[in-house]
Amino acid sequence: MKYLNHDVVFREFPDEVTLAINLTGCPNRCPGCHSPALQEDAGDELTETRLAALVEGRERLITCVGFMGGDARPEEVIRLAAYVKLRWPWLRTGWYSGRSVTPPSLGLSSLDYLKLGPYVAARGPLDRPTTNQRLYRLYGDGRREDLTPRFWNNA
Ligand code: SF4
């Protein structure tokens, strides 16, 4: 699984300072894709070593690591999220998937946040009340809380 770039972001996961890692090789092919570069098989391999290099030095400044994309390798997203939890237990983890549902066999216990839904231009992204996308807070007991309305204050 490869990534193109990374950034520290503030809006993608509410109340979190997130190291967002933009993963490439997206298979979803949403019409009107807002990030076509992420459909390419481009960038560097996101190994545990590379992930650690991205986090180290920021681990007390950020509160969350966000995996943005990665739908070609969901099991690898989960594996790396588990690595984050093991190595930096105080950090939360999130995944921005373009799928409508996750594969049934995929365990989500290493994720604190999950965004679901393809990009549909006519419905808009998460910050539009018309959006088809949803951002969930995941809890250890299996509950999920829909945080999507938190994005609409600035819509
Ligand atoms: S999920 Fe995102 S990157 Fe992938 S095709 Fe859809 S809009 Fe583009």
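The values are calculated or read from the model by the stated rules, or taken from the named source; none is laboratory data. Because the structure is a prediction, the values reported are computed rather than measured. FYI the Cβ positions are ideal-geometry reconstructions off the backbone, even for glycines, and counts take in every protein chain you see.
The condition (being among the hydroxyl-bearing types (Ser, Thr, Tyr) and crowded, with 17+ Cβ neighbours inside 10 Å) is satisfied by just one residue among Thr63, Thr24: Thr24. Go through the residues of segment 40-58 one by one and say whether even a single one is farther than 17 Å from Lys2 by Cβ and in contact (Cβ under 8 Å) with a residue 12 or more places away in the chain. Looking through segment 40-58, at least one residue is farther than 17 Å from Lys2 by Cβ and in contact (Cβ under 8 Å) with a residue 12 or more places away in the chain.
Residue check: is Thr130 at pLDDT 95 or above, farther than 29 Å from Leu54 by Cα and touching a Lys or Arg at 6+ places or on another chain (Cβ under 8 Å)?
Spelling it out, Thr130 is indeed at pLDDT 95 or above, farther than 29 Å from Leu54 by Cα and touching a Lys or Arg at 6+ places or on another chain (Cβ under 8 Å).
As a summary of the residue check, Phe13 satisfies the conditions (1) in a helix (DSSP H, G or I); (2) touching a strand residue (DSSP E or B) at 6+ places or on another chain (Cβ under 8 Å); (3) at pLDDT 95 or above except for the one numbered (1). Taken together, the residues in segment 99-155 that are surrounded by 16 or more Cβ atoms within 10 Å (Cβ to Cβ) and small (Gly, Ala, Ser) amount to 2.
Taking segment 18-43 as the search range and keeping residues that are more than 8 Å from the ligand (Cβ to nearest atom) and part of a loop (DSSP other than H, G, I, E, B), which one is farthest from Gly57 (Cα to Cα)?
Within segment 18-43, the subset more than 8 Å from the ligand (Cβ to nearest atom) is 18-25, 31, 37, 40-43.
From what is left, the residues that are part of a loop (DSSP other than H, G, I, E, B) are 24-25, 31, 40-43.
Values: Thr24: 24, Gly25: 28, Pro31: 38, Glu40: 29, Asp41: 28, Ala42: 26, Gly43: 22 Å.
Top of the filtered list is Pro31.
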